[in-house]
1. Restricting to segment 142-180, name every residue that is outside any helix (DSSP H, G or I) and within 20 Å of residue 75 (Cβ to Cβ).
2. Could you say whether any residue in segment 116-136 is in a loop (DSSP other than H, G, I, E, B), surrounded by fewer than 20 Cβ atoms within 10 Å (Cβ to Cβ), in contact with a helix residue (DSSP H, G or I) (Cβ under 9 Å, 6 or more places away or on another chain) and in contact (Cβ under 8 Å) with a residue 12 or more places away in the chain?
3. Kindly establish whether residue 17 is touching a helix residue (DSSP H, G or I) at 6+ places or on another chain (Cβ under 9 Å) and either under 30 Å from residue 140 (Cα atoms) or modelled with pLDDT under 90 (or both).
4. Name the single residue, out of those in segment 157-181 being surrounded by fewer than 17 Cβ atoms within 10 Å (Cβ to Cβ) and in contact (Cβ under 8 Å) with a residue 40 or more places away in the chain, that is nearest to residue 133 (Cα to Cα).
5. Tell me the residue from 36, 42, 55, 46 that is surrounded by 13 or more Cβ atoms within 10 Å (Cβ to Cβ), under 19 Å from residue 141 (Cβ atoms), within 28 Å of the chain's Cα centre (by Cα) and at pLDDT below 90, please.
6. Go through segment 97-115 residue by residue and tally those that are surrounded by fewer than 15 Cβ atoms within 10 Å (Cβ to Cβ) and either at pLDDT 90 or above or touching a strand residue (DSSP E or B) at 6+ places or on another chain (Cβ under 7 Å) (or both).
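The values are calculated or read from the model by the stated rules, or taken from the named source; none is laboratory data. Being a predicted model, the structure only gives us computed values, none of them experimental. Virtual Cβ from ideal backbone geometry, glycine too; neighbours counted across all protein chains shown.
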């Protein structure tokens, strides 16, 4: 066997090893998203659903009750915590750029929502109407979530994650046009329901 053939075989073996390592790393970082999706599905379905119940039939519109807003905030924090715990556990022991990607992904959640809540506070301080704040408060969190999933899909080359992120962004955009009351119901059912459906499908796919 010639030296050139040896080098070719070595190159192929190295490429195969790189592919195997990539697949193992991706599997390690391919977060078992069923519990994550479930946490977010419950957050949107219950949290936004409670807010919708608090504003349904309001004449004139006064905005969601403090209790329902606090419930949504707590559920979002819980979903963020579940996401970060799952990501940290899956990336523990994994080194290199992939581990950094996982950690950055986990941190993107509190960063994104902190920025959104700051923007909502600014809108309120500059006199935005209750209806505007209602639309932003309902559509904004779902939009942030959807965009994070779209970016995460590019990191892990996951089309299912991209599809869910795109769906959430579309739901947020379409729901915003339905007004401060109906948007809550749309985001709760289409957003939360989308998460729960995705969680069920992924859990079913993982069954032996």
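1. Across segment 142-180, the qualifying residue is only 180.
2. No - not one qualifying residue is present in segment 116-136.
3. Criteria not met by residue 17.
4. Our first condition is that a residue be surrounded by fewer than 17 Cβ atoms within 10 Å (Cβ to Cβ); within segment 157-181, this holds for 157, 159-160, 163, 166, 170, 173-174, 177-179.
So of that shortlist, the ones also in contact (Cβ under 8 Å) with a residue 40 or more places away in the chain come out as 157, 160, 179.
Numbers: 157: 35, 160: 31, 179: 11 Å.
Among them, the one singled out is 179.
5. Numbers: 42 fails: at pLDDT below 90; 55 fails: at pLDDT below 90; 46 fails: at pLDDT below 90.
When all the criteria are applied, what remains is 36.
6. 3
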